[in-house]
Amino acid sequence: MASDSSFDVVSKVDSQEVSNALNQASKEIAQRYDFKGVGAEIDFSGEKILMKANSEERVKAVLDVFQSKLVKRNISLKSLDAGEPFASGKEYRIEASIKEGIAQDMAKKINKLIRDEAPKGVKSIIQGDELRVSSKSRDDLQATMALLRDFEEVDLQFVNLR
């Protein structure tokens with residue numbers, strides 16, 4: 001009798017790649033002509049990424065530069081949680097953070113999607129900030145992976161396929 005095959009659904013981001021993207025964005029902002037004299041900068045402090053400039057358009061441009069650097073480093077923009085520009089004194093700011101792990105409510109949504117639309121023999125269990133999906137058939141697991149790749153709200157990776 002064949003044993004169950006399984007894989008884990010996770011949402012992780014390589015923090016070194018995020019750091020590299022931040023450094024590249026910072027260098028580009030320092031060198032670009034359209035950012036001269038507008039006080040544009042991007043900083044990372046622990047959890048938050050802070051972008052500053054003297055106008056709302058310029059701070060959005062800083063965010064755009066950072067997003068392009070993330071894409072070049074194969075980091076999904078679904079992992080970036082950027083807020084709206086807000087005024088702080090004489091400058092505008094955008095606070096952003098990198099989302100890692102699957103939140104409990106999102107895990108329940110994914111679990112429901114698997115129950116409703118995945119092949120019949122597929123089971124899923126929430127384990128902390130990840131999901132374990134198992135089935136007797138590897139083909140059913142691959143169909144479930146294809147289903148989850150189209151999930152729009154979170155950047156998902158599949159690990160530990162056994």
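The values are calculated or read from the model by the stated rules, or taken from the named source; none is laboratory data. Predicted model, so just to flag it, every value in this text is computed and none were measured. Positions of Cβ are backbone-derived with ideal geometry, glycine not excepted, and every protein chain shown enters the neighbour counts. Only protein heavy atoms, including side chains, enter the accessible area calculation; ligands, DNA and RNA are left aside. Shrake-Rupley method; radii C 1.70, N 1.55, O 1.52, S 1.80 Å.
Within the set of pairs 6+ apart or on separate chains, which have a first residue in segment 91-116 that is closer than 19 Å to Lys78 by Cα and in contact (Cβ under 8 Å) with a residue 24 or more places away in the chain, a second that is outside any strand (DSSP E or B) and hydroxyl-bearing (Ser, Thr, Tyr), and C-beta atoms under 8 Å apart?
Correct list of pairs: Ile98/Ser15; Ile98/Ser79; Lys99/Ser11; Lys99/Ser79; Glu100/Ser11; Glu100/Ser79; Gly101/Ser11; Ile102/Ser11.
Can you tell which of Ser55, Ser19, Ser79 is under 19 Å from the mean Cα position of the chain (by Cα) and free of Cβ contacts under 8 Å to residues at least 40 places away in the same chain?
None of the other options fit; the residue is Ser19.
Would you be able to tell me the number of residues in segment 103-125 that are polar (S, T, N, Q) and over 12 Å from Val9 (Cβ atoms)?
Step one: list which residues in segment 103-125 are polar (S, T, N, Q), which gives 104, 111, 124.
Narrowing further to those that are over 12 Å from Val9 (Cβ atoms): 104.
The total comes to 1.
Find all pairs meeting these conditions: Cβ atoms under 9 angstrom apart; at least six residues apart or on different chains; first residue within segment 147-161 and farther than 19 Å from Gln127 by Cβ; second residue open to solvent by 80 Å² or more (accessible area, probe 1.4 Å) and not in a loop (DSSP other than H, G, I, E, B).
Cβ pairs passing all conditions: Leu147/Glu117; Glu153/Lys109.
Taking segment 20-43 as the search range and keeping residues that are open to solvent by less than 50 Å² (accessible area, probe 1.4 Å) and among the aliphatic types (A, V, I, L, M), which one is nearest to Leu156 (Cα to Cα)?
Per the stated criteria, the residue is Ala21.
Within segment 144-156, is even one residue among the β-branched types (Val, Ile, Thr) and modelled with pLDDT under 90? Give the steps one after another, and end with the answer.
Taking segment 144-156 and keeping what is among the β-branched types (Val, Ile, Thr), we get 144, 154.
Next, only the ones that are modelled with pLDDT under 90 stay: 144, 154.
Yes, segment 144-156 contains at least one residue that is among the β-branched types (Val, Ile, Thr) and modelled with pLDDT under 90.
Taking segment 4-19 as the search range and keeping residues that are within 20 Å of Phe151 (Cα to Cα) and of a type in the set (Gly, Ala, Ser), which one is surrounded by the most Cβ atoms within 10 Å (Cβ to Cβ)?
Among those residues, the one meeting the criterion is Ser11.
Within segment 44-162, considering only strands (runs of 3 or more DSSP E) that don't extend past its boundaries, which have at least 1 residues that are surrounded by 15 or more Cβ atoms within 10 Å (Cβ to Cβ)?
Here the list reads 48-53, 80-82, 91-98, 123-127, 130-135, 157-159.
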